[in-house]
Amino acid sequence: MANKLRKGLRKDEWNITLVDREDTHYYQPGFLLIPFGSYTKNDVVKPIEKFLPTGISLIKKDIFKVDAAQNFVLLSDGEQIAYDILIIASGAQIKPEETAGMKDKLWHKEIFDFYTLEGAMALHQYFSTWKGGKLVMAITEMPFKCPVAPIEFVCLADAFFTKKGIRDNVEISLVTPLPGAFTKPIATEMLSRVLSDKNISIIPDFYIEHIDNEDKQLISYDGKKVPFDVLAIVPLNKGADFIEASGLGDELNFVPVDKQTLQHGLYKNIFVIGDAAALPASKAGSVCHFEADVLYENILNTIKGETLEAKYDGHSNCYIETGFGKAALIDFNYETEPLAGTYPIAGIGPFKLLKSTWINHIGKLFFRWLYWNILLKARPMPVSNHMSMAGKKTVRP
Ligand SMILES: Cc1cc2nc3c(=O)[nH]c(=O)nc-3n(C[C@H](O)[C@H](O)[C@H](O)COP(=O)(O)OP(=O)(O)OC[C@H]3O[C@@H](n4cnc5c(N)ncnc54)[C@H](O)[C@@H]3O)c2cc1C
């Protein structure tokens, strides 16, 4: 947004300030590949400054709260930053400490997240000497960022341990609070087939109450137990603490906004983009990208005092690594669930929706370059921010 707005707003009229407590920007989709040795730290971190154009003030400090009534942001050191327009883009963070027994004595020893660089690197270290046993991938609660990442994780684990020659010694299961592998029925059907072909079991409707570190098992609220030797976990995801301190969030500190305009209901000069928003869309980088075009238009309209014309339709797409050099792709929005077909060009592709193909995998790998070089810098992309039905089949694959 900083890149888009700096290009679109006059420098003598608008100051743009970006506040972030980190110096580093992380390519979070790359965290998934670190446990399996395909990526290292160097592939996923770059300084934030590298992506900012001239004419942006970057403040590297922690935000304490937003005073939405008085139009200022209060930083943890007491500094106040007044604003005319505020965009909240503080993402979602993992909160392993909020589930009993998760951040306990096995944390980053036999219980690992891969949603942080530290967790992904610790798991890589662990896998490099592991001889096999029960590998459990578990999801704590919805919503969490990249809802397909756990499915990708188990598929990549299957391929990794097969190539290592120890797959017969590794029992892989996916424990989820959902009734199946994914949130949408047609994609769930396709992904369930992929998992069962790989001999990966799904344990659905499992809500983790606590993790028993002594007997190494997950315990659900209704008393079910799943034992593990090594546990990969998606901890509870929550919005930033300052959202709670500002009184702007829901019970998980995500900010409710209009699902089409991305504008706050009460404070019309506050907008939210990305994982920080409480929307019925995936928490995914693709969502941030498609939302950004809408938000840019709506901010220009706000400045001109015009009605907000641009509408976000919930468009999201995601490559899903299925292992052995293949990936599937899903493309959907608020109204339409993932369907089979081709993307982005109808009838041509080159990407195939709801199918595991080599070219989809190449797309996923190419994405990192695209992210660093095109997306973050807000360079134009020949793909519409609205989901298109062109190339989609409305019958089940
Ligand atoms: C393992 C994994 C795999 C993924 N795979 C995919 C994928 O294949 N495709 C896809 O589309 N998406 C994927 N995602 C999701 C994607 O990475 C996120 O949806 C996206 O990065 C969200 O962007 P954001 O700008 O909303 O938040 P973030 O990129 O998380 O940025 C939030 C920023 O806010 C800052 N911040 C937070 N609190 C404060 C504070 N108090 N003060 C100051 N600064 C603060 C943080 O430092 C951070 O820089 C994946 C995520 C993970 C973890």
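A few notes on this one:
- Consider region 154-173 and keep the residues that are assigned to a helix (DSSP H, G or I) and of a type in the set (Val, Ile, Thr). The one that is surrounded by the most Cβ atoms within 10 Å (Cβ to Cβ) is Val154.
- Residue within region 258-280 that is more than 22 Å from Trp14 (Cα to Cα), buried (at least 21 other Cβ atoms within 10 Å of the Cβ) and touching a His at 6+ places or on another chain (Cβ under 8 Å) present: no
- The residue of region 70-93 that is surrounded by the fewest Cβ atoms within 10 Å (Cβ to Cβ), among those that are touching a residue at least 24 places away in the same chain (Cβ under 8 Å) and assigned to a loop (DSSP other than H, G, I, E, B), is Asp84.
- The set of residues in region 252-306 being part of a loop (DSSP other than H, G, I, E, B), touching a residue at least 24 places away in the same chain (Cβ under 8 Å) and either under 19 Å from Ser384 (Cα atoms) or β-branched (Val, Ile, Thr) (or both) consists of Lys259, Gln260, Thr261, Leu262, Ile273, Ala281, Ser282, Ala284.
- Enumeration of residues in region 349-387 that are in contact (Cβ under 8 Å) with a residue 24 or more places away in the chain, more than 18 Å from Ala328 (Cα to Cα) and assigned to a helix (DSSP H, G or I): Tyr371, Trp372, Leu375
- Taking region 174-192 as the range and being modelled with pLDDT of 95 or more, outside any loop (DSSP other than H, G, I, E, B) and over 15 Å from Leu156 (Cβ atoms) as the test, the residues that pass are Val175, Ser192.
- Options Ala328, Ala390, Ala310, Ala346: the member that is in contact with a Lys or Arg (Cβ under 7 Å, 6 or more places away or on another chain) and in contact (Cβ under 8 Å) with a residue 12 or more places away in the chain: Ala328
- Cross-chain or 6+ apart pairs with Cβ under 8 Å, region 226-251 first and within 18 Å of Gly265 (Cβ to Cβ), then assigned to a strand (DSSP E or B) and among the basic types (Lys, Arg): Ser246/Lys65
- Some residue of region 210-222 being assigned to a loop (DSSP other than H, G, I, E, B), in contact with a strand residue (DSSP E or B) (Cβ under 9 Å, 6 or more places away or on another chain) and of a type in the set (Gly, Ala, Ser): no
- Inter-residue pairs, beta-carbon under 7 Å, first within 19 Å of Trp130 (Cβ to Cβ) and in region 164-180, second open to solvent by less than 70 Å² (accessible area, probe 1.4 Å) and of a type in the set (Ser, Thr, Tyr), 6+ apart: Ser173/Ser201
- Count - residues of region 193-209 that are over 18 Å from Phe153 (Cα atoms) and open to solvent by 60 Å² or more (accessible area, probe 1.4 Å): 3
- Pairing residues of region 10-21 that are under 24 Å from Phe64 (Cα atoms) with residues that are open to solvent by 100 Å² or more (accessible area, probe 1.4 Å) and assigned to a loop (DSSP other than H, G, I, E, B), at Cβ distances under 7 Å and at least 6 apart in sequence or on separate chains, gives Asp20/Lys60; Arg21/Lys60.
- In region 136-159, the residues that are more than 9 Å from the ligand (Cβ to nearest atom) form Cβ pairs under 8 Å with partners that are assigned to a helix (DSSP H, G or I) and of a type in the set (Gly, Ala, Ser), at six or more places apart or across chains, as follows: Met137/Ala157.
The values are calculated or read from the model by the stated rules, or taken from the named source; none is laboratory data. Model, not experiment: these values are computed from the prediction. Neighbour counts run over all protein chains shown; Cβ positions are idealised from the backbone, glycine included. We work out accessible area using only protein heavy atoms, side chains counted, and drop any ligands, DNA or RNA first. Shrake-Rupley method; radii C 1.70, N 1.55, O 1.52, S 1.80 Å.
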